[in-house]
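Chemist: Structure in structure tokens, see below.
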Amino acid sequence: MVKTIIWNRRASDSFNGIIEYLQNEWGDRVTKNFVKRAYQIIEFLSEHPEMGTLENPEKQIRGFVITKHNTLFYRIEDEKIVLLVFFDNRQHPRKKTF
């Protein structure tokens, strides 16, 4: 069963920040490839939400690697998937705040 995708504000802000960075530093092609890959993975997760690794069992937060530099964190809630944040994997793991 396909679940509805909900973007919270932090996910939207972090996604837009990545796009802005990629556009400024790497140009159109890299930016378009990232956006395409991100949306493909989000669509895949809507059909198979349990595919992400369970990162925080208490809060039921899962993660899925978009690129080697970026991971999407999300939570499954009833009939929807809430996108929480796109995290830069080069940061210290303690900066993961859910």
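Every number here is computed from the coordinates shown, using simple stated rules; none is lab data. A quick note: this is a predicted structure, and the numbers were derived from the prediction, not measured. Glycine also receives a Cβ, built like all others from the backbone with ideal geometry; neighbour counts cover every protein chain displayed.
Chemist: Percent relative contact order of segment 4-93, based on C-alpha pairs within less than 8 angstrom and at least six residues apart? Don't jump to the answer; show the numbers that get you there.
Modeler: Values: 114 pairs, mean separation 29.3, N = 90.
Relative CO of segment 4-93 lands at 33 percent.
Chemist: What GluC sites (Glu not before Pro) in segment 1-61 are in a loop by DSSP, with at most 15 other Cβ atoms within 10 Å of the Cβ? Can you show the working numbers first?
Modeler: Details: sites: E20, E25, E43, E47, E50, E55, E58; in loops: E58.
Taking segment 1-61 and a limit of 15 other Cβ atoms within 10 Å, the loop GluC sites (Glu not before Pro) found are E58.
Chemist: Using the alpha-carbon atoms, what tilt in degrees (0 to 90, nearest 10) does helix 28-47 show relative to the longest principal axis of the chain?
Modeler: Helix 28-47 and the main axis of the chain meet at about 10 degrees.
Chemist: Another question, then. Mind checking which aspartates and glutamates have their Cα closer than 13 Å to the Cα of K80? Skip sequence neighbours fewer than 8 apart in that chain.
Modeler: E43, E47, E50
Chemist: Still on this structure, I have one more. Would you calculate, for the chain, the mean residue ellipticity at 222 nm contributed by helices, counting each DSSP H stretch of 4 or more residues as -39,500 (n - 2.57) and dividing by all residues, to the nearest 500? Each step should come with its number before you reach the end.
Modeler: Details: 2 runs with 38 residues, N = 98.
Helix-only estimate at 222 nm: -13000 deg cm²/dmol.
Chemist: Along the Cα→Cβ direction, 7 angstrom out, place labels at L54 and I6. What is the inter-label distance in nm?
Modeler: It works out to 2.2 nm between the two label points.
Chemist: Looking at the chain from every direction and averaging, what is the projected area of its Cα convex hull in nm²? Provide the component values of the computation, followed by the final result.
Modeler: Values: hull surface 24.4 nm².
If you wrap the Cα atoms of the chain in a convex hull and average its projections, you get 6.1 nm².
Chemist: Quick one: putting +1 on the C-beta of Lys and Arg, -1 on the C-beta of Asp and Glu, what dipole do you get for the chain around its Cα centre, in Debye to the nearest 20?
Modeler: The calculated dipole for the chain is roughly 300 debye.
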